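Step one of this worksheet: look at the structure below.
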């Protein structure tokens, strides 16, 4: 029997889960924690579309758990008193099921309505929750501060999704309309260096984020053959090809070995030299 043990094995790489954004948030199915995306209607007749479901797995050695030191902010330390707080770069079960992986179909698709509901990331106990989300171009990303302390939300965008705002007290909300397709948009907090989140921004509704047991499902896909891409912040990109037929569910799994190099698309923290008034961000080779 498969065990769904969400053991927080984590690792942290040098620069420095689950939501299906079209629906605003996760759909967690039973105890399996499956992230399911239900795209809004595109005009196709019932039964004229298919679905993809699968699981993301880590086959290599489970990584360690780097501890986050919060002494720089007494409020964060107080909120987390008595807890061993760890960085959530890699969240994997004892069976190797990998969460927080963004999965999306590649290609051109018929236009479909952008959800009116925002995609929400909250700041809770001095962490971004969830850490990984997906969203549509034109959808609103809403950042909330549920902590009684100062946070700063800084998006590191190579395109038009950049913002940098302070939220000095709890209850504050910042909304930003996403402008460009971007995989991945990283969020950081300039006050608390350990705070990180990612937003996969695409122009279509066919995406999901793997649940705590690595499971995902994408629904209402037009029939066809597609390249499907998985992205993880530590292990990078994997691609598979799959055929979707009307009225059926295609099974698709991704397996990381744990030896993959970190993705070069990540934008690292940097400081402008004194006297510099402006700078231009240039995407890395696999940033899209």
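The values are calculated or read from the model by the stated rules, or taken from the named source; none is laboratory data. Every value quoted in this text rests on a predicted model; they were computed, and no experiment measured them. Note: ideal-geometry Cβ built from the backbone for every residue, glycine included; neighbour counts use all protein chains shown.
Table: residues versus (1) modelled with pLDDT under 95; (2) under 28 Å from residue 117 (Cβ atoms); (3) not in a strand (DSSP E or B).
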position: 218; (1), (2), (3): no, yes, no
position: 264; (1), (2), (3): yes, no, yes
position: 275; (1), (2), (3): yes, no, yes
position: 279; (1), (2), (3): yes, no, yes
position: 287; (1), (2), (3): yes, yes, yes
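If you check 170, 258, 214, 200, which single one turns out to be in contact with a strand residue (DSSP E or B) (Cβ under 6 Å, 6 or more places away or on another chain), under 30 Å from residue 68 (Cβ atoms) and loosely packed, with under 15 Cβ neighbours inside 10 Å?
170
With the requirement that a residue be in a strand (DSSP E or B) and closer than 30 Å to residue 245 by Cβ, what does segment 173-216 give you?
183, 200, 201, 202, 207, 208, 209, 215, 216
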